Amino acid sequence: MKPDDGLRILFVEDLFSDFELACRALEKEGLLFTARCVDSRDDFLAALSDFSPDVVVSDYSMPLFDGMEVLRLSLEHDPQLPFILCTCSTNEETAVAFIKAGATDYVIKEHLSRLPFSVKEAIQLRNVRREREAAREEQLKLERRIQQRQKLESLGILAGGIAHDFNNILMVILGSAQLALTELAPLSPARSRILDIEKAARNAAGLCRQMLAYSGKASFSREPLNASELIRGMVHLLKGSISKKATLNLTLEDKPPSLSADSTQIRQVIIPTTQHIKYLPPLRVSSCGENNKPDG
């Protein structure tokens, strides 16, 4: 029989004749299985690994091994591995002790006809336990996702509150900058600096608006944009975000296709992209046109 044909039953038995009788009882009930018999600790441990039994059926008292030790090793290997005590030398107290220690069931050898039913019930019980454990794990995953969502919602509320307060401060800065521009002479040296302040405040206000939109307290502002003008206004930011060994060359169309989007979102798409630009050393090209290794 191949190992994948039905159940894999590992017998721990020192009498081969008893092992054969147990197998006949299982076959009589039409149970499809593969069986292996061992009678020592080392053989049992090896069988747990290479045979991977679905159920362990063990005698109680053997010359080289003890049934309680078999049970202990079985549970250490797999706490859900069914264990059935099958012996003739036992009493009610011993059977109860095995059940309390983790055995699934016990069968008296004089009543081997009950063994197939005991094996089936043990497998069904194992499957139920596995299904419950899988359901419990799914429940825990769901609870963790809910907790994570609640944390994100809390962070969104916090970020929205901060963004709202910060946006109010920026409005004061923008208003003051605009008033200062009206009072300055057209050729005043301070005018360009005030314009820089106004531009930075507007960009910061755009970030606040996006934070408010993500927190559900505002909506994204879609407006007609000129992509080339938007990127030209970001040159100083782009140069600061790329590697110092890289050179930024822009080829922009004077009349790009029309674009309707939130300018702050477009900026946040472009800037992280440029952070992946790396320095590529020049290649030396031989007269045959073959590429050599780069310098450095």
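Taking 0.36 nm per residue of separation and subtracting the current Cα-Cα distance, fully stretching the chain between S260 and S192 would add 21.5 nm.
As a calculated quantity, the FRET efficiency between E29 and A101 at R0 = 35 Å, using C-beta atoms, amounts to about 0.80.
Per-residue extension of 0.36 nm, minus the Cα-Cα distance of L152 and K245, leaves a gain of 29.7 nm for this segment. Near the amide H of R8, under 5 Å away, which other amide H atoms are found, from residues 5 or more places off or on another chain, if H is placed in the peptide plane? When sequence neighbours closer than 5 places are left aside, the close amide H contacts are T34, D54, V55. For the set V172, V55, the ranking by accessible area, highest first and with no ligand, DNA or RNA atoms included, is V172, V55 under a 1.4 Å probe. Principal axis extents of the C-alpha atoms in the stretch 7-129 (largest first, rounded to whole Å): 30, 28, 26.
Computing FRET efficiency as 1/(1 + (r/R0)^6) for S52 and N91, where r is the C-beta to C-beta distance and R0 is 41 Å, gives about 0.80.
Can you figure out the FRET efficiency of E110 with H77, using R₀ = 22 Å and their beta-carbon distance, to the nearest 0.05? Working from the Cβ atoms, E equals 0.15.
The values are calculated or read from the model by the stated rules, or taken from the named source; none is laboratory data. None of these values were measured; they are calculated from a predicted model. Please note: Cβ atoms are built from the backbone with ideal geometry, for glycine as well, and neighbour counts cover all protein chains shown. Remember, those area values only see protein heavy atoms, side chains included, never the ligands or the DNA or RNA. Shrake-Rupley method; radii C 1.70, N 1.55, O 1.52, S 1.80 Å.
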